[in-house]
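To keep things clear, I will list the structure first and then write my remarks on it.
Values in this text are rule-based calculations from the coordinates and carry no lab data. Note that this is a predicted model, so its numbers are computed, not measured. Counting neighbours? That spans all protein chains shown, and the Cβs are built from the backbone with ideal geometry, glycine included.
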Amino acid sequence: MRIKHLLPILLSATNVASWGFYGHKTVALLASRYLLPDTAVFVRTYLYKDQTIMDAAVWADRYAHIPLGRYSKTWHYIDAKDDPPRVCEVNYSRDCAVHGSGCIVSALANMTDRIQDDSLPWPARAQALRFILHFLGDIHQPLHTESKLRGGNSIHVKFHHADTNLHTVWDSKIIESARGHPTERNIISFANDLEERIESGLYAEEKDTWRGCLNVSDAEGCGVSWASDSNKLVCEYVLKDEVEGEELSGEYADGAVPLIERMVAMAGYRLAGWLNMIVTGQDGLSGQRVRGNSMEVVSGERVLRDVVDVEIDAQIEEWEKTRMGNFEGIHVQH
Ligand SMILES: [Zn+2]
């Protein structure tokens, strides 16, 4: 792995982030610490030279907003039609089939097939990798597994006295208020803390249960199982008490921080296991691990940009320009 120098992240409007930046980048960075050597080589092969695994993990949210990628909007969540806080339950045939274009579980299954299909051209498999890097993050955000009031987007709340909605609070506000802005330095420090907890701290005992479903030939089954882990929190915490109109930056946020951190850790650990299974047939999560340098970031090798990606990049750039100034974070609305 090559050492990537720490670059300051400009806090422009587009970097005021969501689960998009903090969650997704931390998930990807944490996962990169658990990649088997062959998996790391595979990942580098399917990233561009100027692209880190963290950049690649946030691509899907941008893509969903441009004309070329709009079809993928519903792939970022599964709308569980349960009844929180009384009943929480993800039911694949009830909750995924309603969108003609699929949900996060069907999309994960599809991309897991595509990344393994060596008859597909490089850009298609590279795109499948970027989707997988992203979906493992989103599926661990409780409100990406809930239909009620558009995954909390229609629940009005306050955070540090500012008006916002519950979905945004869970995407970004709570974690940013606990850990500062999602700069590269803070993301590395977040990943380091989570790695420490997995190795010898708070999550050391339970981490083996996180490996329970890493069967890449049953991506649908694993997707539902992971979405159910997240969805359970909707009843247990997210919507346990009435939150409409409430100020959530105090006690509510304090209680949510450990839950969010655990889900981000789980997502990163499972992402590594998933990619290792795809590439090597083993999850690589048991036994002695070769500890990586915590400053190492996996980045790509491909120099020449594919024509499809040139077009996508141009549309993303265009979209970001129009969003400057009133941008409140990247998250795909229900
Ligand atoms: Zn997303």
Inset, instruction - Taking H placed 1.01 Å from N in the peptide plane, check which residues at least 5 places from ASN165 or on another chain put their amide H under 5 Å from its amide H. - result: VAL157
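Can you list which of the DSSP-assigned H helices in the chain have a Cα extent of 30 Å or more along the long axis and an average Kyte-Doolittle score of at least 0.0? Present the calculation step by step, with values, prior to reporting the outcome.
Numbers: long enough: 251-280 (44 Å, 0.59).
What comes out of the filter, once short or polar helices are dropped, is 251-280.
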Legend entry - Cα gyration tensor category, rounded, prolate or oblate, for segment 189-242 with a/c compared to 1.5: oblate
Inset, instruction - Could you check which residue among LEU30, LEU248, LEU149 shows the biggest mean-square fluctuation in a GNM of the chain with a 10 Å Cα cutoff? - result: LEU149
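Run the dipole for the chain about the Cα centre, Lys and Arg Cβ at +1, Asp and Glu Cβ at -1, nothing else charged, and hand back the magnitude in debye, nearest 20.
Here the chain has a charge dipole of around 700 debye.
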Legend entry - Rounded if a/c under 1.5, otherwise prolate or oblate - segment 14-323, Cα gyration tensor axes: rounded
